[in-house]
Each structure stands twice: as structure tokens, then as C-alpha cells.
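*Asks:* First the structure, then my questions, so here it is.
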Amino acid sequence: MESGFPAAVFTLLGELPKETWCGSDLYNLEGFWYASSLLPAIMAARSNFRANDCDVFLTSSMKTGTTWLKAIIPTIMNPVGRTNDDGHDPLLKHHPNELMPSLEVQLFKENPNPDLSDMPCPRLFRTHVPYHMLPETVKNSACKIVYITRDPKDTFVSLWHFFNSLVTAVGNDPWPMNEAFESFCRGVHVFGPFHDHVLGYWKESIKRPEKILFLRYEDMKKDPKEQLRKLACFLGRPFEKEEEVDKVLWRCSLERLKHLEVNQRGVDPWLGFDYKFYFRRGSVGDWKNNITDEMKEKLDRVTATKFEGSGLEFGH
Ligand code: A3P
């Protein structure tokens, strides 16, 4: 047993519904699926994390464009991020994962009570947990939450490519896409069900737009400048000049990040994943190249049923 985590957490694991997904065990807690390796950290963060009003949280389901935002938010918040001082751009030496630490993958992974008191304000964090699993102080303090989501079909395709790359990179058989697809439609995938994840943040963002900014990958691709201006205002760092918007967009662009040495050769020390797998095509509608008409129709039906009456639509 890992030191520091209450024994009850490990007892609980044995009692939760379990499914095998992409060769690993996922456990269902309060309606969502989690990897056993992250669940103790998720529960510890929920109980022990204390938010500051200056904190910024990036939240998302997986493969919705989080890495783009993990680059953009620190660049907006960092005073040199929008200047011409390219030589001091942290992205030159750090994958975006290192600029916005994850509660479950990094900070609480080994220690249920990490000392975060020496992190300078504004503290930038990320998490993939659904809204209801956020620590209470994140929900109730004045800290800001940015949520990014994406068309479910493109999310699924990106998720399959990512995990398929991981399993094949270590010499395992490819992950059958049909199997991955059926699981996704049932909501069984890491941090799933996707649709419930989106709905949780969507509903809360409608109630409290000053607290939660709800972004879509497709809008970011269609009008990145407008979305960036909105994000910077939300974070209390509005742009003063057009060149600043251009600078942040260029620094965080897929083409630039993908070709940086750190992202081509680096390995995530917490997960063991090659950083290169976080950057793929980054296009809208890539599902058209990957799934059949039948699969499209099935997932569209799930989406229509789940989002009915919510005002949420994805038409790509
Ligand atoms: P594709 O697999 O469709 O290419 P996440 O960051 O949440 O894991 O999402 C991964 C998706 O975001 C991948 O989509 C990836 O290519 C895309 N992505 C990563 N960095 C990006 C960036 N800087 N700009 C736009 N898209 C990016």
C-alpha cells in the first residue's frame, strides 16, 4: 500500500464497479470512470486541496484540446508571454503539462497532502475530474475555472489515436477501434462518460458565467483571436494590443509546439508517455477520416439524447 493514503481508499477500490478499458482497470465512483492509479489522488485532492482566490483551474474531459489551453493560459498569465521576449518563453523548454500541474497526475499522486504554499500567485492547475468531484473550495472560492470541450466524434477519434499510440509504442497489439467506440458510447472510458462530464460543467457555467468559462475546440479553431480575447478578459488579463494576441497564438500553435525539441523527444515523467503523442492533427471533423457512417449515426444519437434540452449542440 502507498504511504500516506488512508487504507479506506484502497478498501473502497475493491468495492467499486470495475471494467477493463484499453487493457487497464477502470473503477466507477459516483457515476464516472477512473483509472485505479489516479483514484486515490483524486479523492485526496477532493478532500485536502484548498483553493486560493487567485487560482486558475483548467478542466476538461480527455482529448478535447486541453494541451492547447495548457499552453495558452500560462502564456496569458505570464508577463513575458505576450512580449517579444521569445528567448524566455517557458514553452521552449517545457511541455505544456509542466506549466499547469495536474492535481491527480502530479500534485496529489504520491502524497495526499502536498504543501503547495510556496507556489506563487496566480497558481495554475488542471484536472480532468467532473464538476461534482472538484474540491469544494474550488467551487466556492473566487478562483476561475476554464472548461474546454470538443465535438464528441472528434474527441473519440483523438482518444483512440492517443491510447492506440501508447499501447503500440510499447509493442502491444493495436487497440481495436470498434471496441473503443462501443465503450465510448456506453460512457466507459477514463474520466467518462464524456457527455455527463460536459453537461456538469455546462450547467454550472450557465449559472455562474463569471466563475466558469466554457470553451469549445471548434470555436477556438474558427476564431482563435476572439476566443483568446474572451479568455484573457475572463482571467483578468485583457490584451492591450493586437500584436499580443498574435504573439500568444503563435507561441501556442500546434505547428510550433509540435516541432519543439522538448515535445519531439521528451517523456512525461509522471505518466511515462512520449510528449509527441499530445500533438497530432488538431483539425475539426477528423472523425470523417476515421469512423464509418454507422458509427457517426450511433454517436450522434447518443449525443442528441444526452444533450436534449441542455442547449448544447455540436454540429461538425
Ligand atoms: P487530434 O488528436 O484530433 O489531433 P488534449 O490536449 O486534451 O489531450 O487533446 C488533444 C488534441 O488537441 C489532439 O487532437 C491534438 O492534436 C490537439 N492539440 C494539441 N495541441 C494543440 C495546439 N497547440 N493547438 C491545437 N490543437 C492542439
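*Asks:* Take the residues of the range 227-252 that are without any contact (Cβ under 8 Å) to a residue 24 or more places away in the chain and within 12 Å of the ligand (Cβ to nearest atom): which is nearest to the chain's Cα centre (by Cα)?
*Replies:* Filtering first and then ranking leaves GLN227.
*Asks:* While we're on this one: Here's a check for you: in the range 190-222, which residue that is within 14 Å of the ligand (Cβ to nearest atom) and more than 14 Å from the chain's Cα centre (by Cα) is farthest from THR20 (Cα to Cα)?
*Replies:* Checked the range 190-222; the qualifying residue farthest from THR20 (Cα to Cα) is LYS222.
*Asks:* Now for a different question. Could you tell me how many of the residues in the range 59-88 are closer than 24 Å to HIS259 by Cα and either surrounded by 21 or more Cβ atoms within 10 Å (Cβ to Cβ) or modelled with pLDDT of 95 or more (or both)?
*Replies:* 18
*Asks:* Still on this structure, I have one more. Of the conditions (1) outside any helix (DSSP H, G or I); (2) surrounded by fewer than 18 Cβ atoms within 10 Å (Cβ to Cβ), ILE291 clears all except one; give me its number.
*Replies:* (2)
*Asks:* A further question follows. It is to be established whether one or more residues within the range 20-43 are surrounded by 14 or more Cβ atoms within 10 Å (Cβ to Cβ), within 16 Å of the ligand (Cβ to nearest atom) and of a type in the set (Val, Ile, Thr).
*Replies:* There is no residue in the range 20-43 that is surrounded by 14 or more Cβ atoms within 10 Å (Cβ to Cβ), within 16 Å of the ligand (Cβ to nearest atom) and of a type in the set (Val, Ile, Thr).
*Asks:* Here's a follow-up. Identify, from the list VAL129, VAL157, VAL138, VAL146, the residue that is within 16 Å of the ligand (Cβ to nearest atom), touching a strand residue (DSSP E or B) at 6+ places or on another chain (Cβ under 7 Å) and either closer than 26 Å to THR75 by Cβ or not in a loop (DSSP other than H, G, I, E, B) (or both).
*Replies:* VAL146
*Asks:* Would you check if there is a residue in the range 99-112 being more than 25 Å from ASP196 (Cβ to Cβ), of a type in the set (D, E, K, R), away from the ligand (no atom under 14 Å from the Cβ) and surrounded by fewer than 22 Cβ atoms within 10 Å (Cβ to Cβ)?
*Replies:* Yes, the range 99-112 contains a residue that is more than 25 Å from ASP196 (Cβ to Cβ), of a type in the set (D, E, K, R), away from the ligand (no atom under 14 Å from the Cβ) and surrounded by fewer than 22 Cβ atoms within 10 Å (Cβ to Cβ).
*Asks:* What is the residue count in the range 59-89 for residues that are over 9 Å from the mean Cα position of the chain (by Cα), in a loop (DSSP other than H, G, I, E, B) and closer than 26 Å to PHE273 by Cα?
*Replies:* Keep residues of the range 59-89 that are over 9 Å from the mean Cα position of the chain (by Cα), which gives 68, 71-89.
From the residues that got through so far, the ones that are in a loop (DSSP other than H, G, I, E, B) too are 78-85, 89.
If we keep only those that are closer than 26 Å to PHE273 by Cα too, we end up with 89.
Counting residues in the range 59-89 that are over 9 Å from the mean Cα position of the chain (by Cα), in a loop (DSSP other than H, G, I, E, B) and closer than 26 Å to PHE273 by Cα gives 1.
*Asks:* List every residue pair whose Cβ atoms lie under 8 Å apart, where the two residues are 6 or more positions apart in sequence or sit on different chains, the first residue falls within the range 215-226 and is in contact (Cβ under 8 Å) with a residue 60 or more places away in the chain, and the second residue, located anywhere, is within 12 Å of the ligand (Cβ to nearest atom) and in a strand (DSSP E or B).
*Replies:* What qualifies is LEU215/TYR147; LEU215/ILE148; LEU215/THR149; ARG216/ILE148; ARG216/THR149; TYR217/ILE148; TYR217/THR149; MET220/ILE148.
*Asks:* I've got another one for you. Note down all Cβ pairs under 9 Å where the first residue falls in the range 64-91 and is under 21 Å from LEU159 (Cα atoms), the second is among the small types (Gly, Ala, Ser) and within 14 Å of the ligand (Cβ to nearest atom), and they're at least six residues apart or on different chains.
*Replies:* As it stands, the answer is THR64/SER158; GLY65/SER158; GLY65/GLY282; THR66/SER60; TRP68/SER253; TRP68/GLY282; LEU69/SER60; ALA71/SER253, since those pairs meet every condition given.
*Asks:* Follow-up question, since we're still on this one. Do any strands (runs of 3 or more DSSP E) entirely within the range 1-58 hold 1 or more residues that are farther than 16 Å from GLU104 by Cα and not hydroxyl-bearing (Ser, Thr, Tyr), and if so, which?
*Replies:* It comes to 18-21, 24-29.
*Asks:* Here's a check for you: in the range 296-316, which residue that is within 16 Å of the ligand (Cβ to nearest atom) and over 27 Å from LYS70 (Cα atoms) is nearest to the chain's Cα centre (by Cα)?
*Replies:* Checked the range 296-316; the qualifying residue nearest to the chain's Cα centre (by Cα) is LEU299.
*Asks:* Checking the conditions here, which among LEU107, LEU12, LEU29, LEU38 is over 20 Å from the mean Cα position of the chain (by Cα) and more than 26 Å from ASP219 (Cα to Cα)?
*Replies:* Step by step, each of LEU107, LEU12, LEU29, LEU38 is checked, and only LEU12 is over 20 Å from the mean Cα position of the chain (by Cα) and more than 26 Å from ASP219 (Cα to Cα).
*Asks:* Hey, LEU92 hits all of (1) crowded, with 20+ Cβ neighbours inside 10 Å; (2) more than 18 Å from the chain's Cα centre (by Cα); (3) within 26 Å of TRP250 (Cβ to Cβ); (4) of a type outside the set (Val, Ile, Thr) but one; which does it fall short on?
*Replies:* The one condition LEU92 does not meet is (1).
*Asks:* Could I ask something else about it? Considering only residues that are closer than 13 Å to CYS54 by Cα, surrounded by fewer than 20 Cβ atoms within 10 Å (Cβ to Cβ) and in contact with a helix residue (DSSP H, G or I) (Cβ under 7 Å, 6 or more places away or on another chain), which ones fall in the range 125-144?
*Replies:* None - no residue of the range 125-144 is closer than 13 Å to CYS54 by Cα, surrounded by fewer than 20 Cβ atoms within 10 Å (Cβ to Cβ) and in contact with a helix residue (DSSP H, G or I) (Cβ under 7 Å, 6 or more places away or on another chain), so the list stays empty.
The values are calculated or read from the model by the stated rules, or taken from the named source; none is laboratory data. None of these values were measured; they are calculated from a predicted model. Glycine also receives a Cβ, built like all others from the backbone with ideal geometry; neighbour counts cover every protein chain displayed.
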